[in-house]
Amino acid sequence: MNMAEIDLGEGNAGFVLGNGPIGVLLIHGLTGTPTELRRVAQGLVKGGTCTVYVPTLAGHCGDNSDLQATGWQDWYEGVRKTFIGVRQRHEQVFVGGLSMGAVMSMYIASEHPGQISGLLMYSTTLRYDGWSIHKLAFLTPLLMRIPFGVHICNFEEKSPYGIKNERLRAIVERQMKAGESSNAGLLTMEGVTVRELHRMNAVVKKRMPSINTPALVLHAIEDDITSRWNADYVERKLGGPVTKIMLDNCYHMITVDLQYRRVVELSAEFIEQHSLNQTSREDFRQLA
């Protein structure tokens, strides 16, 4: 397999792990980085059945001016290129992501029906309504409609930064405040970026009933960024079968927090359950 032919976005933050027959494409969150998915990727490749691809979204791993120069369709276009490359190399492909990345995985499934074996959705973010979010945040969509309203919005990450693990939280906070965006992501997010997320979410919500891909939905009970409403909404609205599991002892960043091993375990089980065995592969070829 020639990894040079797989588009992993700009820069060198994106990565590929493993050499298994099943392709897994994981998408990081808004203002986030591929690093937030490395532990899960490392766990999934241990069994030898998966190759995990984690690209960098357009405009990410730089500064806010880089991010503001892009929109959600730019983010998707980069992921689409990665998906096409992965799809050409693997008979079976699973797609998933963290936070906004989970929403984008649904959009990919809607754009490529029948080509994805399952969705791995971690801390799905359809709206910011966790316990650490300001109580007036629900007014943000209204403010976005006011002329120039989008330009007066500025959102800053604050403790606990989606992480219950105090030691890891301290490391991430230090990296963000030092401007190490390729490791820890951005500390602030401008209104134009939030508007792009709202636009993508609106499109995805309309398409959800027509998405028949099986999905694993993992969400923290104590999610500080996005409440369990988000996971419940996916369970109700997604057209395909949904396995929803709520995790304790962690916050929003479940792929790195105290329960990341459980995330790996549940994801590996889901992939195994929805993977074609040798017999079904032969049946599939005969049907084709």
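The values are calculated or read from the model by the stated rules, or taken from the named source; none is laboratory data. Please read these numbers as outputs of a predicted model, since none were measured by experiment. Please note: Cβ atoms are built from the backbone with ideal geometry, for glycine as well, and neighbour counts cover all protein chains shown.
Of all the residues that make up segment 224-250, how many are under 15 Å from the mean Cα position of the chain (by Cα) and assigned to a loop (DSSP other than H, G, I, E, B)?
Residues in segment 224-250 being under 15 Å from the mean Cα position of the chain (by Cα) and assigned to a loop (DSSP other than H, G, I, E, B): 2 in total.
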| Taking VAL45 and the conditions (1) under 29 Å from THR226 (Cα atoms); (2) free of Cβ contacts under 8 Å to residues at least 24 places away in the same chain; (3) not small (Gly, Ala, Ser), which numbered condition does it fall short on, given that it satisfies the others? | (2)
| remark: The condition from (1) charged (D, E, K, R); (2) modelled with pLDDT under 90; (3) in contact with a strand residue (DSSP E or B) (Cβ under 8 Å, 6 or more places away or on another chain) that ARG195 misses is numbered (3)
| TYR53: touching a helix residue (DSSP H, G or I) at 6+ places or on another chain (Cβ under 7 Å), part of a helix (DSSP H, G or I) and not aliphatic (A, V, I, L, M), yes or no? | no
| task | Tell me, yes or no, whether segment 79-99 has at least one residue that is among the hydroxyl-bearing types (Ser, Thr, Tyr), under 18 Å from VAL24 (Cα atoms) and in a helix (DSSP H, G or I). | result | yes
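If you check LEU17, LEU37, LEU30, which single one turns out to be under 15 Å from GLY96 (Cα atoms) and not in a helix (DSSP H, G or I)? Please lay out each step first, then the result.
Numbers: LEU17 fails: under 15 Å from GLY96 (Cα atoms); LEU37 fails: not in a helix (DSSP H, G or I).
Within the list LEU17, LEU37, LEU30, the selection yields LEU30.
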| query | Do the conditions hold for LEU67, that is, is it touching a residue at least 60 places away in the same chain (Cβ under 8 Å) and either surrounded by fewer than 18 Cβ atoms within 10 Å (Cβ to Cβ) or closer than 20 Å to TYR161 by Cβ (or both)? | reply | yes
| note | In segment 1-59, anything among the aromatic types (Phe, Trp, Tyr) and either in contact with a Cys (Cβ under 8 Å, 6 or more places away or on another chain) or buried (at least 18 other Cβ atoms within 10 Å of the Cβ) (or both) is listed as TYR53
| task | Among the residues of segment 187-237, write down those that are more than 24 Å from PRO160 (Cα to Cα), among the small types (Gly, Ala, Ser) and buried (at least 20 other Cβ atoms within 10 Å of the Cβ). | result | ALA215
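Of the residues that make up segment 146-160, is at least one modelled with pLDDT of 75 or more and farther than 22 Å from ASP232 by Cα?
Yes, segment 146-160 contains at least one residue that is modelled with pLDDT of 75 or more and farther than 22 Å from ASP232 by Cα.
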